[in-house]
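The values are calculated or read from the model by the stated rules, or taken from the named source; none is laboratory data. For clarity, every value in this text was computed on a predicted model and none was experimentally measured. FYI the Cβ positions are ideal-geometry reconstructions off the backbone, even for glycines, and counts take in every protein chain you see.
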Amino acid sequence: MKKTVIAFFALLAMIQARADEGMWLPALISQRITDMQAKGFRLGAEDIYSVNQASLKDAVVLFGGGCTGELVSDEGLLFTNHHCGYGYIQKHSSVEHDYLKDGFWAMNRSEELPNPGLSVRFLERMEDVTAQVLKGYEPGMDEEERAALVMENSKALREAAVKDGGGLKASVEALFYGNQYFLFVFREYTDVRLVGAPPSSIGKFGGETDNWMWPRHTGDFSIFRVYAGKDNMPAEYSEENVPYKPKKSLKISLAGVKEGDFTFVYGCPGSTREYVHSAEVDYVANVSDPEKIALRTTRLDIMKKYMSQSQAVRIQYSSKFAGVANAWKKWQGEAKGIRKMNTVAEKQKFEKEFEAWAKGTGYEGITDTLAELYKARNPLYRALEYYNETVRSIEKLQMSSGRPVSLKDYYQPIDEETFTAMMTAFDKGLDDCYKPDYFLKSRERFGSMEQWKDAVFADTLEAKKLSRSLNEFYTENLVPKVSSYNRRINLANRTYMKAQMAFRQDKTFYPDANLTLRVAYGHVSGYSPADGVSYNPVSTLTGIIEKDNPDIFDYNIPQTLRDIYARGGYEDQPVCFLATNHTSGGNSGSPVLNADGNLIGINFDRVWEGTMSDYVFDPDFCRNISIDVRYILFIIKEIGHADYLLDEMAFVR
Ligand code: ARG
Ligand code: GLU
């Protein structure tokens, strides 16, 4: 008896925890609303997404094509991450005004800075268009014919959706590998101005050292304002433009967060692969991630060596270093997490059960088909990935093939050492069948990598010939082959996905992320990363002071912040918090909302032990990291002295 009771509660706990997994389509959120409400949400489905009334979706934007942002005032004020605004802040920076280093605060509207090329997209509506997209489809059509049909039908749908102009943009997106299609109609605003950004010592506090980690103390936010024509419609930048009046802006909660509080993240995750065959996960965790990690370790070590010797080089390479280090660290958590969860074996077990069920149905054998496709594709794909991580990381070869490299940020000794290391790795790591003739002949001719390197860096023609031969070999040979396999894998995945849904009718499936708007809900929660270690879900200013060290670049905070802390009373000032929301790259800048739909934070990261959530979600380890909105207010006031911005926001307790 006792055993059954325990088993029952264990199961219940498991189901409840598991249910924090998922990135749901806002238009279909009514399917989840009972569960959300059971977990504490106090609003309804129409408050999240509605085409008839203003709803939370009207306060969320796709920011600059790869991040999320949210409207926080009726005058177009927008929050996103510092790392999402980084490129724009950088463009406005110069030696005289180093806004990255010192921060930037517009003290009135006329000081706000325009950003050509930056746009934000508001979702007008999303709708299931599967029938229209597949109109004319006949069983037996091959993937090429089907793709052409889908493209043609989608084009017609998109054109019809944007015919009224007014900044309308449309896209048709495949969900569940093309078992379902959704039309997304956006309104795009292109006059978006920079309003405020903290100094990098706050906005990037902890740098690469703390990236993907907890405890975290990064003030990763920046502030923009969306402008519109006098009719509130999208307009090209003009001094005549006025702040955009959103249909909905978020209220800011001052109530704070604590363990167990309901949270939901409303934003645009980029890419996940939750339903793929074990062979793909096996390749990622046991081949791709470890190899790419090792290659990047070498590159990072080279950069680090020169960056630590010279302040000038550190500035030149900090952005490149961050780019290389970001995925490098994420992959480490991903590979480790997949192994720890035993995902490959779990999936193999599932595939067996699935095939037993599928016997005699049209789905029989689909997992074998996939296994064979991966087996044939993987060596080619591995070569392509290897090439990308080695040869294409050499800036000299990039320049020679005409790709722009900023000479302002170029330091040749780093590139030379990278050349030697990466060309050697490329040569050792791949069979000769993956190398063009010119490469093989040059290897012979120069005898050693050192001599080869000297020749390439001394002679532009030599560099050109080498990069061209490699480029051609890979783009003309390998890329089409890999693409062809990927198309077939996608086709097989369409069948497998449909079959999984038929096999597991008890389960509610959410489509893999594809940068479309999603809702992920969960709760504020710490975690235990290892035996004997337990993390609180909130961090405070005290932790910043503990990490503060003028000698370590990543931890050198502005003197003002030290002074404020010394005044006393700020020990418990909240900074960041952890929750169980299922997020991914692209969710950066996403609003984190409480049970009443009010803003409590901005999402900006995950913990590295949970980054396998792009393949498999573990409720024990998968945590998203957000900046507490009260820290943003604190920085605006105490560091930016831009209190006037608070006047246009609406606060709730
Ligand atoms: N890890 C976060 C993301 O994947 C933040 C990256 C930017 N910050 C950094 N320190 N590199 O985008
Ligand atoms: N920093 C990521 C981004 O830029 C979010 C972190 C993640 O991958 O979850 O989107």
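Structure values in brief
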{"quantity": "Subset of segment 42-86 that is under 18 Å from Gly323 (Cβ atoms) and out of contact with any helix residue (DSSP H, G or I) (no Cβ under 9 Å at 6 or more places or on another chain) - its residue that is nearest to ligand 2 (Cβ to nearest atom)", "calculated": "Cys84"}
{"quantity": "Answer from Ser484, Ser469 - the residue that is among the small types (Gly, Ala, Ser), farther than 23 Å from Asp437 by Cβ and part of a helix (DSSP H, G or I)", "calculated": "Ser484"}
{"quantity": "The listed residue being modelled with pLDDT of 95 or more and under 22 Å from Ala520 (Cα atoms), out of Ile33, Ile15", "calculated": "Ile33"}
{"quantity": "Residue check for Ser308: more than 16 Å from ligand 1 (Cβ to nearest atom) and either without any contact (Cβ under 8 Å) to a residue 40 or more places away in the chain or not small (Gly, Ala, Ser) (or both)", "calculated": "yes"}
{"quantity": "Output for segment 91-107, where each listed residue is out of contact with any Asp or Glu (no Cβ under 6 Å at 6 or more places or on another chain) and either surrounded by 24 or more Cβ atoms within 10 Å (Cβ to Cβ) or touching a residue at least 40 places away in the same chain (Cβ under 8 Å) (or both)", "calculated": "His92, Tyr99, Leu100, Lys101, Asp102, Gly103, Phe104, Trp105, Met107"}
{"quantity": "Residue among Leu25, Leu100 that is among the hydrophobic types (A, V, I, L, M, F, W, C), at pLDDT below 95 and out of contact with any strand residue (DSSP E or B) (no Cβ under 6 Å at 6 or more places or on another chain)", "calculated": "Leu100"}
{"quantity": "Meets criteria (hydroxyl-bearing (Ser, Thr, Tyr) and buried (at least 20 other Cβ atoms within 10 Å of the Cβ)) for Thr369", "calculated": "no"}
{"quantity": "Tally, over segment 510-543, of residues that are of a type in the set (A, V, I, L, M, F, W, C) and either surrounded by fewer than 16 Cβ atoms within 10 Å (Cβ to Cβ) or without any contact (Cβ under 8 Å) to a residue 24 or more places away in the chain (or both)", "calculated": "2"}
{"quantity": "Residue within segment 336-348 that is within 16 Å of ligand 1 (Cβ to nearest atom), assigned to a helix (DSSP H, G or I) and in contact with a Phe, Trp or Tyr (Cβ under 7 Å, 6 or more places away or on another chain) present", "calculated": "yes"}
{"quantity": "Candidate set: segment 426-474, residues that are of a type in the set (A, V, I, L, M) and within 33 Å of the chain's Cα centre (by Cα); chosen: the one surrounded by the most Cβ atoms within 10 Å (Cβ to Cβ)", "calculated": "Leu470"}
{"quantity": "Restricting segment 201-232 to residues that are assigned to a helix (DSSP H, G or I) and within 16 Å of ligand 2 (Cβ to nearest atom), the residue that is farthest from Phe321 (Cα to Cα)", "calculated": "Gly203"}
{"quantity": "Hey, Asp551 assigned to a helix (DSSP H, G or I) and either surrounded by fewer than 22 Cβ atoms within 10 Å (Cβ to Cβ) or hydrophobic (A, V, I, L, M, F, W, C) (or both) or not", "calculated": "no"}
{"quantity": "Residues of segment 129-187 satisfying the condition of being part of a helix (DSSP H, G or I) and either on the phi > 0 side of the Ramachandran plot or among the hydroxyl-bearing types (Ser, Thr, Tyr) (or both)", "calculated": "Thr130, Ser154, Phe176, Tyr177, Gly178"}
{"quantity": "Test: residue in segment 260-270 that is part of a helix (DSSP H, G or I), in contact (Cβ under 8 Å) with a residue 60 or more places away in the chain and more than 16 Å from ligand 2 (Cβ to nearest atom)", "calculated": "no"}
{"quantity": "Selection within segment 236-286 - surrounded by fewer than 20 Cβ atoms within 10 Å (Cβ to Cβ) and of a type in the set (Gly, Ala, Ser)", "calculated": "Ser238, Ala255, Gly256, Gly260, Gly270, Ser271"}
{"quantity": "Filter result for Ala325 (surrounded by fewer than 20 Cβ atoms within 10 Å (Cβ to Cβ) and among the small types (Gly, Ala, Ser))", "calculated": "no"}
